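Here is the structure we will look at, set down as structure tokens.
The values are calculated or read from the model by the stated rules, or taken from the named source; none is laboratory data. This is a predicted model, so every value here is computed, not measured. Counting neighbours? That spans all protein chains shown, and the Cβs are built from the backbone with ideal geometry, glycine included. Accessible surface areas use protein heavy atoms only, side chains included; no ligands, DNA or RNA. Shrake-Rupley method; radii C 1.70, N 1.55, O 1.52, S 1.80 Å.
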Amino acid sequence: QVQLVESGGGLVQPGGSLRLSCAASGNIFSIIAMGWYRQAPGKQRESVATITSGGSTAYADSVKGRFTISGDNPKNTVYLQMNSLIPEDTAVYYCKGVTTKGGFWGQGTQVTVSS
């Protein structure tokens, strides 16, 4: 089992920045990839950014050039740096850990971009 706890969400004005954190605990050595997903009201959950245990990253087209995913192995934490935020980025952001036996989700953190 893997437990994930997100933090760092909040209210920010358009053009602003936020950094989300996802702290992993439990059977962390089974994790092969981690990712950030988001779900806006009335919409399906979508992938935002992913990072593998080898450090390879991938991003949704809508966030390329604005968001950066990174990992801090000693702290078992994955970050999502979000810059140049726009109202369309408003959503609940979830962290997901992928293991050879399945995926595990965090509880989510709300990000609201509004003036």
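Things to note:
- Relative to the Cα centre, the charge distribution of the chain, modelled as +1 at Lys and Arg Cβ and -1 at Asp and Glu Cβ, gives a dipole magnitude of about 140 debye.
- Across the range 52-115, the fraction of Cα-Cα pairs farther apart than 21 Å, rounded to a whole number, is 30%.
- Accessible area in the full protein assembly, largest first, 1.4 Å probe, for Lys96, Lys43: Lys43, Lys96
- One quarter of the convex hull surface built on the alpha carbon atoms of the chain amounts to 6.7 nm², the projected area averaged over directions.
- Solvent-accessible area of Ile51 with every protein chain in place, 1.4 Å probe, in Å² to the nearest 10: 20
- These residues, Arg45, Arg38, Arg19, Arg66, go from largest to smallest accessible area, 1.4 Å probe, as Arg19, Arg45, Arg66, Arg38.
- Each of Gly42, Gly55, Ile28 was scored by the projection of its Cα onto the charge dipole of the chain, and the greatest displacement toward the positive side belongs to Ile28; charges sit on the C-beta of Lys, Arg, Asp and Glu.
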